[in-house]
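*Asks:* Structure below; questions to follow.
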Amino acid sequence: MIDIKIPSPGESISEVEIANWFVAEGDIVEKEQEIAEIESDKATLTLVADEGGKISIKANEGDTVAVGSVACTIDTSFAGEAPSTSPKAEAKEETPKTETKTSEAAPIKSSEEFKDVKISPVAKKLMEENQLSVDDVIAGLQRLSKKDIEQVVNNKEQAPAAMVQPEAVERHIDRKKMSNLRKKLSARLVSVKNETAMLTTFNEVDMSAVMQLRKKYQKQFVETHDIKLGFMSFFTKAVSIALKAHPAVNSMMDGDEIITPNYMDVAMAVQTPKGLMVPVIRDTQNLSLAEIERELMRLANKARSGKISLDEMTGGTFTITNGGVFGSLLSTPIINPPQSGILGMHNIVERPIAVNGKVEIRPMMYIALSYDHRVIDGKDSVGFLVKIKELIENPHKMLFDGKDPDSLLLGI
């Protein structure tokens, strides 16, 4: 008999909540099988069976248990037996196979009256399968019974009523307990609003250049790097360059001090079934677009499957959130403490704008920077957004660390 104990999700965490059992009492499990999901105020972890055997559950779903306590035991004397199918697992119903019998194809016979009627190959095959002649088809089309007319009349009378009458809905209220993760997130959001001098500044970006690059090179990019080229990599790269130009936006308060890292660890807000999680991509200033896309995909998949670690969600210096994937036109994102700034991306909408004195329709995106005014001055916040706009509208400048290629060539 072996004990499966609650692991520590990280420092300063002493208890967790049993979020979900994947198995039931008495089930037979295999070694390394996922058996439960535990949730702390910072992360969600999965419990794994150290050995195969019969499960005996010691803590119920929704229980708050101490780190290091026994969640369940496994009787290894049952190891090797066929794994049980838990009632929680979705049953996959097999669709019964039905045999269809088709009649032997018979040549189409028709009278002299309809000998010149043209028949499509598909119609001919269908007629042969059902042993119908052209005479039968024409007669069938010309003959309407009383029952056919009554059915049409009834459908016509009933259709409007069915559309107008709403389906009766029984009134009720759903009530469920907040998870530790949701409670912690709620407390952090309220504290940010109360404890920071948060302000938001806006700008808009013409996405034409980036969209043309993606359209032109997407196939070649996928063949080379085995991953799709998205918008997030462009914005992450632009953010890294803009943070270097405006280091105050990459700063944060630590007591009476303001600390400014010389590296950029950009956090990405990811919506998961458990709530909002913010995994961190390290040293984005050193990564290529393909490397950023690959790391973002890896972290987002881990976050959505509940397998992301606490280390992968801590230590960011700046955050990007993309409400545009849900259709948001404009928003004021909330800072992710202890960071001092967060960039909000939004939906791309075609709008008329003035280009060289002429009105043109361009794909435009509003971008927003929420920042702690105690750390970041208005000049840096506005300059940061202007730099983002400049780099996205002229993505080739990213090759020269945001500098103008012509200026570099001329040495001015």
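Coordinate-derived values only; no laboratory data. Since the model is a prediction, treat every value here as computed from it, not as a measurement. Cβ sites come from the backbone with ideal geometry, for glycine too, and all protein chains shown count toward neighbours.
*Asks:* Rounded to the nearest 20 debye, what is the charge dipole size of segment 198-410 about its Cα centre when +1 sits on each Lys and Arg Cβ and -1 on each Asp and Glu Cβ?
*Replies:* That gives segment 198-410 a dipole magnitude of about 780 debye.
*Asks:* What list of ³J(HN,Hα) couplings, whole Hz, do you get for segment 45-52 from phi and the Karplus terms 6.51, -1.76, 1.60, once you set θ to phi - 60° and write x for glycine and proline?
*Replies:* 10, 10, 8, 10, 6, 5, 9, x
*Asks:* Hey, another quick one. Just the ratio, please: alpha-carbon radius of gyration of segment 304-369 over 2.2 N^0.38 Å, N its number of residues.
*Replies:* On the way: Rg = 16.4 Å, N = 66, 2.2 N^0.38 = 10.8 Å.
Rg over 2.2 N^0.38 Å, computed on Cα atoms: 1.52.
*Asks:* Amide H of Arg351 versus every other amide H placed in the peptide plane: which residues, excluding those fewer than 5 positions away on the same chain, fall under 5 Å?
*Replies:* Residues meeting the criterion, in which the H sits 1.01 Å from N, are Arg362, Met364.
*Asks:* Is the shape of segment 198-410 rounded, prolate or oblate, going by the alpha carbon gyration tensor and its root eigenvalues a ≥ b ≥ c, with a/c under 1.5 for rounded and a/b larger than b/c for prolate?
*Replies:* The shape class here is rounded.
*Asks:* For segment 169-231, which semi-axes, largest first and in whole Å, follow from the square roots of 5 times the eigenvalues of its Cα gyration tensor?
*Replies:* Values for segment 169-231, descending: 41, 24, 15 Å.
*Asks:* Looking at the square roots a ≥ b ≥ c of the eigenvalues of the Cα gyration tensor of segment 338-412, which shape do they give, rounded for a/c under 1.5, prolate if a/b is larger than b/c, or oblate?
*Replies:* oblate
*Asks:* Take the cross-link list Lys358/Lys379; Lys228/Lys379; Lys215/Lys387; Lys274/Lys389; Lys228/Lys397; Lys31/Lys228 and give me the ones stretching past 28 Å between alpha-carbons. Intermediate results must be reported in sequence, preceding the final value.
*Replies:* Working: Lys358/Lys379 30 Å; Lys228/Lys379 36 Å; Lys215/Lys387 24 Å; Lys274/Lys389 33 Å; Lys228/Lys397 22 Å; Lys31/Lys228 36 Å.
In this structure, Lys358/Lys379; Lys228/Lys379; Lys274/Lys389; Lys31/Lys228 exceed 28 Å between Cα atoms.
*Asks:* Let me check I've understood the local charge: for Asp206, count other residues with C-beta under 9 angstrom from its C-beta, Lys and Arg +1, Asp and Glu -1. What total comes out?
*Replies:* Net local charge, Asp206 excluded: 0.
*Asks:* Mind listing the phi-derived Karplus ³J(HN,Hα) values for segment 299-307, rounded to whole Hz, using 6.51, -1.76 and 1.60 with θ = phi - 60°, and x for any glycine or proline?
*Replies:* Listing the rounded values in order: 5, 5, 5, 5, 5, 5, 8, x, 10 Hz.
*Asks:* Considering only the other residues whose Cβ falls under 13 Å of the Cβ of Met297, what net charge follows from Lys and Arg at +1 and Asp and Glu at -1?
*Replies:* It works out to a net charge of +1.
*Asks:* Give, as a single signed number, the net charge of other residues whose beta carbon lies under 10 Å from the beta carbon of Ile412, with Lys and Arg counted +1 and Asp and Glu -1. Numbers along the way, then the final one.
*Replies:* Working: positive: none; negative: Asp404, Asp406.
In short, -2.
*Asks:* Here is a further query. Return the Rg/Rh ratio of segment 2-78 with Cα-based radii and a Kirkwood Rh.
*Replies:* Answer for segment 2-78: 0.96.
*Asks:* Still on this structure, please answer the following. Over segment 360-404, what number does the Rg to Rh ratio reach, with both radii from the alpha-carbon atoms and Rh per Kirkwood?
*Replies:* Across segment 360-404, the Cα-based Rg/Rh ratio is 1.06.
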